[in-house]
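The values are calculated or read from the model by the stated rules, or taken from the named source; none is laboratory data. Quick caveat: nothing in here was measured; it's all calculated off a predicted structure. Here Cβ is always computed from backbone atoms with ideal geometry, including for glycine, and neighbour counts include all displayed protein chains.
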Ligand SMILES: *Cc1c(COP(=O)(O)O)cnc(C)c1O
């Protein structure tokens with residue numbers, strides 16, 4: 001796979017396709033004008049670097065789409081839950097979609113408004129429910145009847161009424177990777193379409209609950225608009241039925257899932273997609289309803305890169321390997337989903353490229369970051385793994401006792417280190433010998 005798009009460094013800034021804030025300038029790859037090599041020098045590698053302007057641009061596409069409407073954008077923080085990233089979205093007025101009480105504490109520490117927090121996930125514990133009730137979050141997105149009953153009990157015990165939406169499963173195929181498709185019948189998520197009305201009637205009868213909306217989320221890395229348009233029709237059919245049964249729904253939450261361009265993906269732009277979805281809402285009389293969405297990847301995915309150093313070149317009979325200092329513990333998407341990330345040299349060489357599998361140091365054959373890449377590299381060279389803003393650092397682990405990477409947020413001329421590199425002392429802090 002040729003990363004040829006990225007082999008034409010120019011003296012004038014040449015943005016990488018689809019990455020307006022990442023550009024070659026004088027043969028040096030820069031983010032918002034700052035050379036990534038200088039950041040790697042200052043902070044070490046592997047290093048995640050994020051562009052604040054890219055995040056705000058991605059958010060602005062949604063905001064344009066919703067101009068003149070009542071809409072709350074709740075950033076699905078599991079995509080990247082680092083405090084400094086959350087703070088950017090909190091300051092921009094976003095709400096947050098959380099999936100654990102750890103995420104709740106994180107986002108409160110980053111300055112989120114509790115009323116703009118919504119809580120998704122199939123396995124909320126009683127403890128997590130109480131925590132979220134006490135904090136006063138905006139909505140629980142309930143995923144099963146069993147959860148509904150438990151939430152009712154917990155809310156009553158606290159003398160509160162829990163605001164709820166029910167996550168419905170519209171049974172549309174989002175045409176994405178099976179591991180990130182969530183709106184099909186065989187998934188663990190949501191309430192089946194045909195059980196929805198009965199579940200709402202049960203919810204409306206429980207004194208510890210207050211029905212405030214309806215929710216759906218059909219999957220992730222969705223690159224076509226048809227699944228969204230189909231899901232919208234099915235959700236609005238349900239809204240019609242639920243309201244006809246005398247249960248008003250103050251808001252409609254349409255989830256997240258919009259894809260980004262990793263390789264040759266051509267997802268619709270957020271504003272263009274919402275133009276079409278809003279037209280549908282208008283036709284059916286719901287255009288002025290309070291709307292919510294839960295985008296994650298599309299707000300941060302292309303705002304981040306992972307800078308890594310080439311440690312060794314290992315030529316072989318069948319394959320050549322370029323061994324880098326980032327691994328599956330830092331960047332799990334290739335190992336988990338066989339995902340593609342472009343890999344671009346920070347200072348491109350003029351030598352003829354050689355085909356490499358780009359792999360990490362972890363003791364697993366699944367520890368690869370890129371396969372069959374044409375690269376002109378030498379040991380000591382720095383590479384940028386692109387599209388590393390979402391589901392990379394937030395999925396990072398300590399496998400092989402590797403400390404998690406440092407993270408830097410670039411804001412024009414400013415650089416903020418938003419996470420220190422994890423030390424072995426950090427890793428050992430919770431462990432003890434047997435005696
Ligand atoms: C993960 C998730 C999202 C965000 O998905 P993206 O593909 O990152 O936009 C939104 N809502 C729910 C319920 C999720 O689980």
Of the residues that make up the range 250-261, is at least one in contact with a strand residue (DSSP E or B) (Cβ under 7 Å, 6 or more places away or on another chain) and surrounded by fewer than 19 Cβ atoms within 10 Å (Cβ to Cβ)? yes
So is residue 197 assigned to a helix (DSSP H, G or I), more than 16 Å from the ligand (Cβ to nearest atom) and more than 20 Å from residue 282 (Cα to Cα) or not? yes
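So which strands (runs of 3 or more DSSP E) stay within the range 108-177 end to end and still have 2 or more residues that are farther than 20 Å from residue 296 by Cβ?
Numbers: elements: 117-119, 139-142, 162-169.
Counting at least 2 such residues, we get 162-169.
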Return the residues of the range 343-363 that are surrounded by 15 or more Cβ atoms within 10 Å (Cβ to Cβ) and touching a helix residue (DSSP H, G or I) at 6+ places or on another chain (Cβ under 7 Å); say none if nothing qualifies. 344, 346, 347, 362
If I filter the range 89-101 for residues that are within 16 Å of the ligand (Cβ to nearest atom), assigned to a helix (DSSP H, G or I) and surrounded by 24 or more Cβ atoms within 10 Å (Cβ to Cβ), do I get at least one hit? yes
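More than 23 Å from residue 31 (Cα to Cα), free of Cβ contacts under 8 Å to residues at least 60 places away in the same chain and surrounded by fewer than 21 Cβ atoms within 10 Å (Cβ to Cβ): which single residue out of 397, 432 fits that description?
Working: 397 fails: free of Cβ contacts under 8 Å to residues at least 60 places away in the same chain.
Residue meeting the stated conditions: 432.
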Output the residues belonging to the range 184-194 that are under 24 Å from residue 76 (Cα atoms) and either assigned to a helix (DSSP H, G or I) or more than 16 Å from the ligand (Cβ to nearest atom) (or both). 185, 186, 192, 193
Unmet criterion (only one of (1) within 16 Å of the ligand (Cβ to nearest atom); (2) more than 30 Å from residue 213 (Cα to Cα); (3) surrounded by 17 or more Cβ atoms within 10 Å (Cβ to Cβ)) for residue 330: (1)
Restricting attention to the range 58-88, and to residues there that are assigned to a loop (DSSP other than H, G, I, E, B) and touching a helix residue (DSSP H, G or I) at 6+ places or on another chain (Cβ under 8 Å), which single residue is farthest from the ligand (Cβ to nearest atom)? 69
With the requirement that a residue be surrounded by 21 or more Cβ atoms within 10 Å (Cβ to Cβ) and part of a strand (DSSP E or B), what does the range 35-57 give you? 47, 48, 49, 50, 51
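If we keep just the residues of the range 110-132 that are within 20 Å of residue 70 (Cβ to Cβ) and free of Cβ contacts under 8 Å to residues at least 60 places away in the same chain, which is surrounded by the most Cβ atoms within 10 Å (Cβ to Cβ)?
The residue in question is 112.
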Checked the range 205-223 for anything surrounded by 16 or more Cβ atoms within 10 Å (Cβ to Cβ) and free of Cβ contacts under 8 Å to residues at least 60 places away in the same chain; matches are 206, 208, 210, 211, 214, 216, 218, 219, 222, 223
When residues of the range 1-24 are filtered for being assigned to a loop (DSSP other than H, G, I, E, B) and at pLDDT 55 or above, how many remain? 6
